[in-house]
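Rule-based calculations on the coordinates, nothing more; no lab input. Remember, it's a predicted structure, so these values are computed and weren't measured experimentally. Backbone-built Cβ (ideal geometry, glycine too); neighbour counts: all protein chains shown.
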Amino acid sequence: MTDPVEADGATHAPLLSVDRVAKSYGATAALKNATFTAIEGEVHAVMGENGAGKSTMLGILAGLVRSDHGTVTLGGVHYAPRSAADARKFGVAIVPQEPTLCDHLNVAENVTLGIEPVSSGFVRAEEAQRRCKAALAPLGVDIDPTRRASDLTPAERQLVCIGRALAQSKVRVLILDEPTSSLTMAEAERVLDAVRALADSGLCVLYVSHTLGEVVRVADAYTVLRNGETVRSGSMKGVEVADLTEMLLGHPAEARVRAPREKGERVLSVRELTGVKLPAGASFELHRGEIFGVFGLVGSGRTELVRAIYGLDRVVRGEVHIGSSASTRSTPAHRLHEGIGMVSEDRKGEGLALTMSVADNLTLSKLESISSGGIVSPNAQGTAARDLITRLQIRCAGPDAPVGSLSGGNQQKVAIGRLLHQNANVLLLDEPTRGIDIGSREQLYDLSIDLAAKQKAIVWISTQPAELLAVCDRIAVMRRGVLGAPRDVTDWSEQLLLQEAAA
């Protein structure tokens with residue numbers, strides 16, 4: 001029998017009850033003792049560091065994974081879906097982290113995909129549009145059903161994905177996996193308002209996020225997983241970001257003390273760099289021992305800036321100097337030889353070869369150091385990979401494990417580890433903490449600061465002002481393709497960065 005849950009002073013029977021659920025893959029226990037309850041009309045935050053078991057548990061609830069032990073009840077009835085379609089019949093739907101829309105279709109066609117209203121073999125467009133509007137109405141948004149998906153903003157794409165989940169069946173439990181991870185703050189606010197509206201309409205929303213400020217803003221209750229087990233679960237009343245941080249880490253967060261760093265020689269000079277569309281005349285200099293931050297909203301040109309520097313995007317005008325040598329129009333291969341490495345914001349699409357091993361990904365950019373006579377030495381590769389796995393605390397089964405099997409935080413460590421194996425002197429990091437947990441984030445902060453202390457030079461691109469203020473020496477704001485004048489980090493605040501970016 002499930003115990004009642006208190007909410008807003010009233011007692012409610014749980015809609016969803018998860019009791020001691022476990023799942024193992026071979027000898028690896030992904031989930032050992034997951035236990036929590038959630039009620040109707042509630043946003044229930046599910047939190048944990050990468051590898052804590054969140055994805056496995058959500059997969060079980062969504063019918064994508066079968067549990068080994070434990071019980072789940074939905075509305076007091078035993079619940080064990082055999083597939084995602086089976087889960088939808090019970091009223092459970094999941095919206096994955098990456099919005100998946102057919103860009104050549106319009107909004108209504110995407111929302112009703114697979115459940116199109118058909119008459120005499122033809123789709124009834126007007127009825128599809130009506131159903132689309134009905135699905136989006138609970139979100140409090142007004143998106144034209146006839147707009148092409150390719151024309152939507154990132155926030156609108158996420159909202160349409162949520163609307164599609166609502167249209168597929170009579171949803172009682174909606175699972176949202178990192179719905180704001182690729183959005184600006186303003187776009188995230190729009191999605192959070194929609195999530196709150198859904199809960200207020202009576203839906204139970206399981207909300208997964210590494211952004212603790214969002215959790216405090218939108219959630220009514222929380223569950224924290226660590227090493228596959230529930231360690232805390234309760235009401236969000238009176239819970240602050242610092243409390244959640246301590247629950248996730250298992251100890252209070254340590255204050256980061258900024259130690260003075262000696263700035264060395266100039267290693268990179270960018271002058272009036274202009275791409276096909278963006279950037280539009282960006283200039284800055286980077287020195288050894290420096291972390292240079294670039295803050296900007298989505299679409300500001302910050303990603304295009306580092307892609308142009310690295311040779312991924314065509315440069316129309318301007319100059320790039322590596323040390324004292326002009327090297328404007330280059331290729332990624334040349335940049336590697338010049339001692340420059342890049343971590344893409346698109347970790348899965350560009351940053352890693354997901355089907356290849358951890359060892360392959362770590363060593364791919366400098367195979368000559370582990371080769372003899374043009375042939376890679378498995379022993380040398382394994383040794384190099386194990387050293388980096390230990391140094392970066394990468395949690396994996398071993399060097400031969402597919403990198404796609406790792407959590408997001410550990411995948412990001414592999415991407416940065418490749419630059420360390422390459423022995424890059426200049427590191428271009430584009431949104432390096434996107435989609436990773438607070439523990440991994442803190443490790444990347446400390447690693448970057450340590451690299452700068454060893455006279456590496458880092459360009460850190462981010463939409464998160466707090467992290468730039470925590471790690472950078474100087475920061476410049478990118479707006480409409482133009483990079484503003486860099487200022488010392490002590491001259492900036494979160495408010496000033498946001499004001500400058502939105503001006």
Check which residues have an amide H placed less than 5 Å from residue 236's amide H, if you skip close sequence neighbours.
221, 222
Tell me, rounded to the nearest percent, the portion of alpha carbon pairs in the chain spaced more than 37 Å apart.
34 percent
Using the crude model of +1 on Lys and Arg Cβ and -1 on Asp and Glu Cβ, and no other charge, please compute the dipole size for the chain relative to its Cα centre, in debye to 20.
960 debye
Furthest towards positive pole of dipole, 472, 398, 382, structure part region 357-503, Cβ charges
382
How big is the gap, in Å, between the Cα center of region 365-395 and the Cα center of region 429-503?
30 Å
With r as the distance between the Cβ atoms of residue 246 and residue 28 and R0 = 30 Å, compute the FRET efficiency 1/(1 + (r/R0)^6) and round to 0.05.
0.65
Taking square-rooted eigenvalues a ≥ b ≥ c of the alpha carbon gyration tensor, is region 266-502 rounded, prolate or oblate, where a/c under 1.5 means rounded and, failing that, a/b exceeding b/c means prolate?
prolate
Can you give me the C-alpha center-to-center distance between region 317-353 and region 29-96, rounded to a whole angstrom?
42 Å
Charge dipole (the chain, unit charges on Cβ, about Cα centre) - positive-most of 339, 267, 166:
339
What number comes out for the charge environment of residue 203, summing +1 per Lys or Arg and -1 per Asp or Glu over other residues with Cβ under 10 Å away?
-2
Based on the Cβ-Cβ distance of residue 466 and residue 83, what FRET efficiency does E = 1/(1 + (r/R0)^6) give at R0 = 60 Å, to the nearest 0.05?
0.90
So for R0 = 56 Å, FRET eff. of residue 450-residue 119 from the Cβ-Cβ r, to 0.05, ends up at 0.30
By the scheme Lys and Arg +1, Asp and Glu -1, what is the net charge of all other residues having a beta-carbon under 14 Å from that of residue 282?
+2
Within the P(r) computed for region 344-457, what percentage of the Cα pairs occupies the region above 17 Å?
52 percent
Three semi-axes of the equivalent ellipsoid, region 132-261, Cα gyration tensor, whole Å, largest first:
31, 19, 12
Among the helices of the chain (complete DSSP H runs), which have Cα atoms covering no less than 24 Å along the helix axis and a Kyte-Doolittle mean of at least -1.0?
none
Which value in nm describes the separation of the simple spin-label points at residue 153 and residue 487, placed 7 Å from the Cα toward the beta carbon?
2.6 nm
Pairwise label distance in nanometres, residue 333 with residue 364, each label 7 Å out on the Cα-Cβ vector:
1.6 nm
Could you bin all the Cα-Cα distances of region 438-503 into 5 Å bins starting at 0 and give me the percent of pairs in each, rounded to whole numbers?
3, 16, 27, 24, 16, 10, 3, 0
Charge tally for neighbours of residue 74 with beta carbon under 15 Å away, counting Lys, Arg as +1 and Asp, Glu as -1, is +1
Per-residue ellipticity at 222 nm attributable to helices in the chain (runs of n ≥ 4 DSSP H, -39500 (n - 2.57) apiece, nearest 500 deg cm²/dmol) works out to -9500 deg cm²/dmol
Assuming a strict under-23 Å limit between Cα atoms, what lysine pair count do you get for the chain once near-sequence pairs (fewer than 8 apart, same chain) are dropped?
19
Span per principal axis, largest first, for the Cα atoms of region 5-249 (Å):
52, 38, 37
